[in-house]
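The values are calculated or read from the model by the stated rules, or taken from the named source; none is laboratory data. Treat the numbers as computed from the prediction; the structure is a model and nothing was measured. Because the Cβ atoms are built from the backbone with ideal geometry, glycine has one as well, and the counts that use them run over all protein chains shown.
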There are 4 protein chains.
Amino acid sequence: MSGKRVAVIGASGYGGLQTLRLLLGHPDFEITFLGGERSSGKRWSELVPFLPLPRDLVVSSPDPDAIAAAADLAVLSLPNGLASQLVPDLLQRGLKVVDLSADYRYRSLAQWQEVYGAEARQFPRSDSDLCEEAAYGLVEWDAERIAGARLVAAPGCFPTASLLALLPFLKQGLIETGGIVIDAKTGTSGGGRAAKEHLLLAEASEAVAPYGVVGHRHTSEIEQLAGQVAGHGVQLQFTPHLMPMVRGLLATVYARLRDPGLTAEDCTVLLGAAYRNCACVEVLPVGTYPSTKWVRQTNRALLSVQVDKRTGQLIVMSAIDNLVKGQAGQGVQCLNLIAGLEASTGLPLAPFYP
Amino acid sequence: MSGKRVAVIGASGYGGLQTLRLLLGHPDFEITFLGGERSSGKRWSELVPFLPLPRDLVVSSPDPDAIAAAADLAVLSLPNGLASQLVPDLLQRGLKVVDLSADYRYRSLAQWQEVYGAEARQFPRSDSDLCEEAAYGLVEWDAERIAGARLVAAPGCFPTASLLALLPFLKQGLIETGGIVIDAKTGTSGGGRAAKEHLLLAEASEAVAPYGVVGHRHTSEIEQLAGQVAGHGVQLQFTPHLMPMVRGLLATVYARLRDPGLTAEDCTVLLGAAYRNCACVEVLPVGTYPSTKWVRQTNRALLSVQVDKRTGQLIVMSAIDNLVKGQAGQGVQCLNLIAGLEASTGLPLAPFYP
Amino acid sequence: MSGKRVAVIGASGYGGLQTLRLLLGHPDFEITFLGGERSSGKRWSELVPFLPLPRDLVVSSPDPDAIAAAADLAVLSLPNGLASQLVPDLLQRGLKVVDLSADYRYRSLAQWQEVYGAEARQFPRSDSDLCEEAAYGLVEWDAERIAGARLVAAPGCFPTASLLALLPFLKQGLIETGGIVIDAKTGTSGGGRAAKEHLLLAEASEAVAPYGVVGHRHTSEIEQLAGQVAGHGVQLQFTPHLMPMVRGLLATVYARLRDPGLTAEDCTVLLGAAYRNCACVEVLPVGTYPSTKWVRQTNRALLSVQVDKRTGQLIVMSAIDNLVKGQAGQGVQCLNLIAGLEASTGLPLAPFYP
Amino acid sequence: MSGKRVAVIGASGYGGLQTLRLLLGHPDFEITFLGGERSSGKRWSELVPFLPLPRDLVVSSPDPDAIAAAADLAVLSLPNGLASQLVPDLLQRGLKVVDLSADYRYRSLAQWQEVYGAEARQFPRSDSDLCEEAAYGLVEWDAERIAGARLVAAPGCFPTASLLALLPFLKQGLIETGGIVIDAKTGTSGGGRAAKEHLLLAEASEAVAPYGVVGHRHTSEIEQLAGQVAGHGVQLQFTPHLMPMVRGLLATVYARLRDPGLTAEDCTVLLGAAYRNCACVEVLPVGTYPSTKWVRQTNRALLSVQVDKRTGQLIVMSAIDNLVKGQAGQGVQCLNLIAGLEASTGLPLAPFYP
């Protein structure tokens, strides 16, 4: 087990719970440290009676020395901004870190500070070097860099679904980079476990509503990687909607095809080729559209393509579980790569249905 | 009560149930005939113990003479195609008809036969004249014609939400007519009460999925009226999604502004002016986005506008209850106009929340 | 409108919102004061954009003089304990008060202090006289006393459903008073609008769980009235369960029949007779069991009886909307009586379905 | 793999889907035959695109010879009555069978014919011997008999949850056998995948309702085993309720303690001892009540006990996933025993949460 001892910081939030559940089913990693502020000092079995761990650890305040003594790898599931206060200390002590927050997703600290203004004011940072160093953990697009990284920033849930759909077409130059529309739908677990009125069942059930219209933070995260792959800046329209369900995320992506002769079949072949070696991404046949339920509690992304010959629009549908491929599962994929394992090792790919 | 006796045909489906519930709370109409095939011969109180009617009628097979003897007005909530088999007989007997099906929504019978191919094969029709004569029941856009009509085709749920959002901008020529994207989300009650596997709670709950991608029938219905108002043909992208909830429909409409200087405030003022005299349409202030829950079980449409200066995109969000403003409530609005009443008479506009 | 001006205190919680919605549809009352601490100083239309009131009042801190200047009647929807700090001041100023909290549901202040221990410590009280004076607002069982009261304590949601089912049988002495089991199921809105982790959609959806097993506070409230009607003390088993839905409450009540010869039909007749003159209570035919959906957003209680000849058990099922007949609707029934109106005036009895 | 080839008959229903999903994650079994009538001739990947199997089999009509040629073991997930038409042919050909239907749950064919009257009329049977021979597959209570059986009748979902809660107390003679009340709550997937109106999301969502009150078929199944363990006949009250969720089942069991001095702690110790060696049953500490969400998509049963000293009632709460421990998972437990494996081999015990 040398090099495979894992600390999970922020253990009782949804990101932490998912990470622990995935590590429980993993053949190679051992959970050796549970970090948390709110629940510090409590035994895991009291805190979460429904998810027994092999060792009934006590949750501890995330002290860097204690973490370093217990673990080789750390997964951080902390609020934005807070992660950046811990990461440098962990790296300094030789740990490798997968961070589920947004703190290292931007190459530029200044951009993070602009997009995450409130967090930047609360948590002063000067770790520009780490922002540049960190690998962006979209496994299907940068596995090599992730495998060699000390610090991986796991992508946001919306960027994951959106980029898996868009990047192959941007890379091949098949779509216009202006006028792209991403209409995304997510379950309420994406809002985290801390109690908020608008996420109450009584409020969010039997309701669909947009939020963060124009300027949602994930817009810039999507645009950063889209621009890198396209080779020039991309500006797009991203609109998230809150759905009355626990988990699942669907991105419906609209873009104009450059070549009006391309068919849905052509685009499906292209997408299939792009992900041929990716165990966690599957492209559906033309006319079969993904349901978020088909990927629930799995680390799989399901993609499907349709083309409207009348309008010249390409429509790519992309479904993931927001807490697995959109968060903790992708984090474990990154852990796998760092540990020299296959990216999909130990990750569930088949759903329980219904 | 002369001229205010109403027959409801297809009484125990969702369209019928909503119509009856709305008529129950209405000060001017009287329910005098309940039509249905499946439940013919049954007493209403046995069939639907939870919705007592003032007169506990027996459901009858929809015989035109019997209907004409009992009623002045008829609301038809029948499967597409079937309605056209009854409507001519009712008109001939002097009834005025509000039809909730798609049978008279197109000016051209040939177009209906193309779009509703399976139904056209099952139900041969030659009532081109009625297709031309029928008023399209989008009350806020053609009240006068509806008020004078013998036959009104109540719009589909998706067209209602989409057109209320789009038409003011098309009429003023403020948006490009190419590249319009309508991403719509609906509850499962839109699929009707007849049992279908994909609408089971076990299948549809905790799931979001697109369907009818490219070529959904409501596309052409939306384009017909959009084209009329724009003054030239419009081709747009319409994609519906099934949501894990009973009722509610949200259309998120994306279009490119012709004048990049227009702000969200400008567009909100414009939209507000367009619906100034419409009791059933309300425009929210900039930054307040509609939830379907805010209109549940009401006949209100809530609209909100946002503009992205970076991309030049206009985003109009439009929320309705698919069974009320999207179906039976709009039908009762049409009945009101036909009967010489205010369009919103007797219709609920305030939601129970949560 | 003299004597019909109503103040709603705690306006933006669920009890307040329901009260306002019901008063909006009421022919006789006028909303003249909105009280609230959290939202004090805000205009109603900003606070709750989806429920416009005829007069767009500013929410005010609940000052007794200001309330007395504006209103004749007050509905209080405040946390337990807090209500008792305001009620005496309002009564002193001549208002009549319907209190939706538990503060005046017990004849004995000492019992309240025992059952609501934490609240009693936070809010010291010495208004024993008001506890004795207050009418218990179960309209179907004490209309006369309510009509003449200055202060009415509206019953809890579980007691309402349970007592409507039990009392006729206790009164007639038809069931044994030992061994009664009430297994109750409620939607999450019963937990209020303040954000709590266990009421998040992500936690409460796709989940059923018991809570407050043995000793839930409503046990003693049910036993108090059951004992009064039975003529001697009653001890029973009450177990609530949290359901994955917004609103609705079902109590399944089990009791042993004294006379083993009684049939379900006999018991249905008896129950029907007990509520013959009660517009808000309906008894279903034998074999038709109530769904909470049949009473959603109505002030109706639906009852159904079954008898197991093998075991001698009587089973009474009782469905209400926890926020209407279980809270605000019953409050408005009480207001109606106080104002000299029919108890059901202005209250919705027919559901929108589905 | 000799002796570990499994045929799944009724593959695309919920029982079949769960069985396949569980076998997919199992280290010892191989899926070698998929049987089904409706979907006969279709390739699995077309039929169920979201659950790829290692071998993309074609679904076949369940011919006994073909099944015997391909498999050593068969899991039958067929409608009640239909299973009995296939089982004798399979046993004759040397297969061992786990039947998920009710056909062999009763020792007496005559009792089955009485309880399942409609099925008995449709499917004439004379296999009394098999009814007597079949093992009842409640693994925690009869592992030895199951391990040696040719034919195992997997218990119903309600009996599983109810009996796990009741049997230890009946066996020890700690509760009165009269007056037992089981109030059960289940998700809609228990009603199967065939489309039925009352299981539509639009009908079943936001609704709780009892059904099968007095005389539900599972009553007699529960009583059969309860009587065997108690040593004399037991008659109890069983009332199921339909919950607005996909999966999960909670039984709340009420019984009167014989010894009024027993505490919740005593009863918890007793229950813990009864299931000490059962990996799939866990007893929670006093005061921690099980949520169905804690066992979702696992084969675990969670039990909790409470005692009301005032009333002398014992309350046992029992939560399972109706499709796993309540159906297919218990079936796989039986397969494991038949194949000489540990009962819990390959079965998920930890939930994904939320």
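Grab the helices (runs of 4 or more DSSP H) fully contained in segment D:5-72, keeping just those with 1 or more residues being touching a helix residue (DSSP H, G or I) at 6+ places or on another chain (Cβ under 7 Å) and β-branched (Val, Ile, Thr).
Those helices (runs of 4 or more DSSP H) span D:14-24, D:64-70.
Which one is modelled with the lowest pLDDT among residues in segment A:1-58 that are within 19 Å of the chain's Cα centre (by Cα) and polar (S, T, N, Q)?
A:12
What are the residues in segment A:313-325 that are out of contact with any Lys or Arg (no Cβ under 9 Å at 6 or more places or on another chain) and not β-branched (Val, Ile, Thr), if any?
Within segment A:313-325, A:317, A:318 meet the criteria.
Out of all the residues in segment D:195-210, which are under 17 Å from residue C:295 (Cα atoms) and in a loop (DSSP other than H, G, I, E, B)?
Answer for segment D:195-210, where residues must be under 17 Å from residue C:295 (Cα atoms) and in a loop (DSSP other than H, G, I, E, B): D:205, D:206, D:207, D:208.
Looking at A:98, A:139, which is the one that is buried (at least 20 other Cβ atoms within 10 Å of the Cβ), out of contact with any Lys or Arg (no Cβ under 9 Å at 6 or more places or on another chain) and closer than 17 Å to residue A:35 by Cα?
When all the criteria are applied, what remains is A:98.
Could you run through segment D:140-162 and say how many residues are within 17 Å of residue D:76 (Cα to Cα) and assigned to a helix (DSSP H, G or I)?
The number of residues fulfilling the criteria is 2.
What are the residues in segment D:1-38 that are crowded, with 19+ Cβ neighbours inside 10 Å, of a type in the set (Ser, Thr, Tyr) and more than 11 Å from every other protein chain (Cβ to nearest Cβ), if any?
Hits for segment D:1-38 are D:19, D:32.
Looking at residue A:296, is it within 14 Å of chain D (Cβ to nearest Cβ) and touching a Pro at 6+ places or on another chain (Cβ under 7 Å)?
Yes, satisfied.
Condition (residue is acidic (Asp, Glu), surrounded by fewer than 24 Cβ atoms within 10 Å (Cβ to Cβ) and touching a residue at least 24 places away in the same chain (Cβ under 8 Å)) applied to segment B:328-343: is it met by at least one residue?
Yes, segment B:328-343 has at least one match.
For residues that are buried (at least 24 other Cβ atoms within 10 Å of the Cβ), of a type outside the set (D, E, K, R) and under 24 Å from residue A:325 (Cβ atoms), tally how many sit in segment A:185-208.
6
Confirm whether residue A:307 is at negative phi and touching a Gly at 6+ places or on another chain (Cβ under 8 Å).
No; evaluated as a whole, the condition is false for this residue.
I need the full set of residues from segment B:34-90 which are acidic (Asp, Glu) and under 20 Å from residue B:4 (Cα atoms), in order please.
Residues satisfying the conditions are B:56, B:63, B:65, B:72, B:89.
Is one or more of the residues making up segment A:172-187 farther than 30 Å from residue C:187 by Cβ, away from chain B (no Cβ under 14 Å) and among the small types (Gly, Ala, Ser)?
Within segment A:172-187 (the criterion being farther than 30 Å from residue C:187 by Cβ, away from chain B (no Cβ under 14 Å) and among the small types (Gly, Ala, Ser)), the answer is yes, since at least one residue qualifies.
Looking at B:219, B:263, B:268, B:298, which one is among the β-branched types (Val, Ile, Thr), over 23 Å from the mean Cα position of the chain (by Cα) and under 28 Å from residue B:144 (Cβ atoms)?
The conditions single out B:268.
Quick one: which residue in B:310, B:276, B:296 is surrounded by 24 or more Cβ atoms within 10 Å (Cβ to Cβ), assigned by TED's automatic domain parsing to the domain that holds residue B:242 and not polar (S, T, N, Q)?
None of the other options fit; the residue is B:296.
Quick check: is even one residue across segment C:174-194 within 14 Å of residue C:251 (Cβ to Cβ), part of a helix (DSSP H, G or I) and among the small types (Gly, Ala, Ser)?
So far as segment C:174-194 goes, yes, one or more of its residues are within 14 Å of residue C:251 (Cβ to Cβ), part of a helix (DSSP H, G or I) and among the small types (Gly, Ala, Ser).
Quick one: what pairs do we get from segment C:202-226, first residue in the same structural domain as residue C:171 (by TED's automatic domain parsing), second of a type in the set (Asp, Glu) and in a loop (DSSP other than H, G, I, E, B), C-beta under 7 Å, 6+ apart or different chains?
Between residues of segment C:202-226 that are in the same structural domain as residue C:171 (by TED's automatic domain parsing) and residues that are of a type in the set (Asp, Glu) and in a loop (DSSP other than H, G, I, E, B), the close pairs are C:206/B:206.
Take segment D:208-234 and flag every residue that is more than 11 Å from every other protein chain (Cβ to nearest Cβ) and of a type in the set (D, E, K, R).
Answer for segment D:208-234, where residues must be more than 11 Å from every other protein chain (Cβ to nearest Cβ) and of a type in the set (D, E, K, R): D:217, D:221.
Could you run through segment A:253-274 and say how many residues are within 28 Å of residue A:241 (Cβ to Cβ), free of Cβ contacts under 8 Å to residues at least 60 places away in the same chain and of a type in the set (A, V, I, L, M, F, W, C)?
1
Given B:262, B:284, which one is within 14 Å of chain A (Cβ to nearest Cβ), under 18 Å from residue B:176 (Cβ atoms), surrounded by fewer than 21 Cβ atoms within 10 Å (Cβ to Cβ) and at pLDDT 95 or above?
B:262
Just to be sure I understand the filter: pairs with C-beta atoms under 6 Å, separated by 6 or more residues or on different chains, first member in segment D:69-87 and closer than 15 Å to residue D:112 by Cα and in contact (Cβ under 8 Å) with a residue 12 or more places away in the chain, second member in a helix (DSSP H, G or I) and of a type outside the set (Ser, Thr, Tyr). Which pairs pass?
D:80/D:119; D:81/D:119; D:81/D:122
Does residue D:301 qualify as being closer than 30 Å to residue C:307 by Cα, of a type outside the set (S, T, N, Q) and in the same structural domain as residue D:200 (by TED's automatic domain parsing)?
no
Looking at D:251, D:319, D:273, can you tell me which residue is aliphatic (A, V, I, L, M) and over 19 Å from the mean Cα position of the chain (by Cα)?
That would be D:273, the only listed residue that is aliphatic (A, V, I, L, M) and over 19 Å from the mean Cα position of the chain (by Cα).
For segment A:235-257, how many residues meet the condition of being at the interface with chain B (Cβ under 7 Å from one of its Cβ atoms), of a type in the set (Val, Ile, Thr) and within 23 Å of residue B:318 (Cβ to Cβ)?
2
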